[in-house]
């Protein structure tokens, strides 16, 4: 027996050990095949692509072989929901059943954590973090968040047991473009985001999302620690997400945000007026291009505005460097403004200097048009930074035939596996498509959807996961169903995700109404 087959057999034994305590557990042949082949591939340092149907048990299918072989592993998921499932469910299960000593850490983008320094600054000058009048509700939410920040060990907003508005959380958090880093921050030694990264250095398994892994690649590998194995779950989204994160985005809102950071430290706030004017001008021009790919080179009118913005920002960076202060909080505002402005210039340079190898297009809506710059082929980046140096596992319920080549994999050097779902869909599911569905632009559309929802939920006795592609449609349906039905309607805007799932599982007649964050990565057995 070869070492590769021995590693596969050992992985199957470990899987059986991990699942032996499940009530009514039955072996899933697809999961066994997945575990066996991934273990062999990791042992041989050979990448593998696994298409595994819904219900296969993909997370255990890739975690077990990675853990028992003791390889430092990064698991990159498409959603934070799946990150949380791995953290709260799958990894604790394996820790308690495998009999193998291993540790794990979850790392998210900085904006997912409370910023200790921003909290310090708010306490010193409560009104200084706001650009306009603050509603009393927002202040109360903020005080509640700050009280929580003194008790939490992680600072991860996902742990909140109460609801807060996204804009309130933004007041005490920073994005990657704002943070000057641990060494320049007086609160760096207490930083929640840095603590998560420290935990990742020591961990055997690091759980991130694809966006953060894309930023890791874009930074030249400076965000996450060295690792031997990388697992991409929901890998069908790999190309799109990495194209987005490895590229850059320019918008009037981003320029205005940089100007706002500058205004907090300039003695003469009007110094940023011209920058604000150009931000508005940029947004106005981009609106007419929404939904379109731009020609290369990009239109001269857009180039002219971007060049003007770059000159203005460079001038303001020079002024920021001349400001001196002994006040730590003021110094942090200067650092943040410098960091945000410098990264804006880097993005502008990418846009203005790119003519080949990149595609330019405009997304968003009339209120927030976005100029996106993405590499034509993410495969080149992945080949240089991932495929040539790591063993990779790519898995999803559905993987397009052309996906391996599109992300730069060579079929001659990888393993490809496809396993079926254990579910008998014909016997255990029903697909309902109303023959009377009106056109979505019809005035009857919304009422028709609500009538259909009411009938279907009533027939099911609740127990419904209703998913929407539009937040407007989601909120309208919630309001309508709460008036018409006795069942509890749960929604992520009113409860933290983990609490929402717990409440749903505890009340058999309850329903979840959600948007795209619940399209995948949610495990709701039963």
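Since every read-out is calculated from the coordinates, none of them should be taken as a lab result. Just so it is clear, the structure is predicted and the values come from calculations on it, not from any experiment. Every residue, glycine as well, gets a Cβ built from its backbone with ideal geometry; the counts of neighbours run over all protein chains shown.
Summary table below
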| item | result |
| --- | --- |
| Residue 398-residue 153 pseudo-label distance in nm [points 7 Å out on the Cα-to-Cβ vector] | 4.1 |
| Listed values [x] 1.49; [y] 1.05; [z] 1.30, entry calculated as Cα Rg over 2.2 N^0.38 Å | [y] |
| Prolate/oblate/rounded label for region 248-372 (Cα gyration tensor, a/c 1.5) | prolate |
| Crossing angle, helix 445-460 versus the chain [Cα axis fit, 0-90 degrees, rounded to tens] | 40 |
| The chain: angle of helix 273-287 to the longest principal axis, Cα-based, in degrees nearest 10 | 40 |
| Theoretical FRET efficiency, 1/(1+(r/R0)^6), r = Cβ-Cβ of residue 319 and residue 367, R0 30 Å, to 0.05 | 0.50 |
| Calculated FRET value between residue 222 and residue 425, using beta carbons and R₀ = 45 Å, to 0.05 | 0.50 |
| Computed FRET value (nearest 0.05) for residue 524 with residue 458, which takes r as the C-beta separation and R₀ as 22 Å | 0.65 |
| Cα gyration tensor, region 54-169 - rounded (a/c under 1.5), prolate or oblate | prolate |
| Cα-based radius of gyration of region 408-482 once divided by 2.2 N^0.38 Å, which approximates compact folds | 1.68 |
| Rg to Rh, two decimals, where region 312-454 supplies the alpha carbon set and Rh follows Kirkwood | 1.16 |
| Global geometry of region 153-276, whether rounded, prolate or oblate, following the gyration tensor of its Cα atoms and the 1.5 cut on a/c | prolate |
| Protection proxy ranking of 57-70, 506-519, 430-443, 140-153 - average other beta-carbon atoms within 10 Å, highest first | 57-70, 506-519, 140-153, 430-443 |
| Nearest-ten-degree value, helix 328-353 long axis tilted from longest Cα axis of the chain | 80 |
| DSSP-defined antiparallel bridges as percent of all bridges, the chain, nearest 5 | 30 |
| Extension reserve of the residue 184-residue 507 stretch, reckoned as 0.36 nm per residue once the Cα distance is removed | 111.4 nm |
| Contact order normalised by residue count of the chain, Cα under 8 Å, 6+ apart, percent | 22 |
| Descending semi-axes in whole angstrom, ellipsoid equivalent of region 110-193, from the Cα gyration tensor | 19, 16, 11 |
| In nm, spacing of pseudo-spin labels at residue 445 and residue 516 (7 Å Cα→C-beta vector) | 1.7 |
| Extended-chain gain in nm, criterion 0.36 nm per residue less alpha-carbon gap, residue 437 and residue 356 | 24.6 nm |
| Extension reserve of the residue 467-residue 161 stretch, reckoned as 0.36 nm per residue once the Cα distance is removed | 107.9 nm |
| Region 389-526, Cα convex hull volume normalised per residue, Å³ | 190 |
| Mean ellipticity per residue at 222 nm, deg cm²/dmol - from DSSP H runs of n ≥ 4 across the chain, formula -39500 (n - 2.57) | -14000 deg cm²/dmol |
| Inter-probe distance in nm under a simple model that places probes 7 Å from Cα toward Cβ, at residue 135 and residue 303 | 4.5 |
